[in-house]
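What follows is a short report on a single structure.
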Amino acid sequence: GAAQHCLERSVAADPTLAAAHMNLGVLLAERGHPEAGLAALEAAHALKPDDPDIALNLAVVDINIEPPRAIARLRRLLARHPDHRLALVNLAQASYRSGLYDETLACLDRLLAKEPGNPTWRLLQAGALVNDGRLEPARAIYQSILARGQASRQALTGLAQIHRFEGDSAGEAECWRRILALDPGHVQALVGLARLSPPSAEERGRIERLAMSPDRPPGRRPPDARGQPADL
């Protein structure tokens, strides 16, 4: 609140301070006022239309207001600054959420060219391929991640999803069990197994202990003892 007050006084005293407008816009968005934040960032952008940091923050705030417009902003930024890493990251994520999987994959190819060992980009790449119906290349990526000992739970979750799409209940169950061997309290794995068949006594015990945990939000509770997903 004090920072917001100072920034508001700064832009009132000198409306040409682009950095103050930008910082105010970011702060307002972080405090739950995205429309006001967007207006402040638009003011900063008008003062410095070629500033990549202002353009990036403008697009990032706009993603939660008008995703297609935010994606267009990120495309324009990358047209001027093709190697802008954060613009690529945000465009990959925004296009993924918007179902633009070809664009997601193009951004990830550019990121992986610079960071070939980054499992985050590989997982997002596999997720985009799965959602686009390209299961075999996605499977190969997940298996490659597992072979390197990286991001095991996420890769196994992705493989479980592929098995589910293919109707391979045994393969899906095996993935969930491998996750539970790493993390006995993994809610999604417990949900997955309970969906496939009634839980064993051991699994039922885990479910009941998790359901009774006082620090677990209701929306994140596991299935009940009958195998029915609770609050999902």
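Using 0.36 nm times the number of residues separating C6 and R80, minus their current alpha carbon distance, what extension gain do you get?
23.4 nm
Going by accessible area, probe 1.4 Å, with all protein chains left in place, what is the ranking of M22, M212, largest first?
Output order, biggest surface exposure first: M212, M22.
In square angstrom, what is the accessible area per residue of the chain with a 1.4 angstrom probe?
52 Å²
How much length, in nm to one decimal, is gained on full extension between D51 and R209, taken as 0.36 nm per residue of separation minus their Cα-Cα distance?
Details: separation 158, 0.36 × 158 = 56.88 nm, distance 5.25 nm.
Computed gain between D51 and R209 is 51.6 nm.
Which net charge results for the neighbourhood of K114, defined as the other residues with beta-carbon distances under 11 angstrom from its beta-carbon, given Lys and Arg at +1 and Asp and Glu at -1?
Every neighbour counted, the sum reads -1.
Give me the percent of accessible area attributable to carbon and sulfur for the chain, probe 1.4 angstrom.
The nonpolar share, carbon plus sulfur, comes to 52 percent.
When only the heavy atoms of the protein chains count and the probe is 1.4 Å, how do R153, R76 rank by accessible area, highest first? Walk me through the numbers before you get to the answer.
Working: R153 95, R76 125 Å².
Most to least solvent-accessible, the answer reads R76, R153.
In nm², what is the average projected area of the convex hull enclosing the Cα atoms of the chain?
Working: hull surface 61.1 nm².
It is 15.3 nm².
The values are calculated or read from the model by the stated rules, or taken from the named source; none is laboratory data. Please read these numbers as outputs of a predicted model, since none were measured by experiment. Quick reminder, even Gly has a Cβ in these numbers, built from the backbone with ideal geometry, and neighbours come from all protein chains shown. Please note that ligands, DNA and RNA were not included when accessible areas were found on the heavy atoms of the full protein model with its side chains. Shrake-Rupley method; radii C 1.70, N 1.55, O 1.52, S 1.80 Å.
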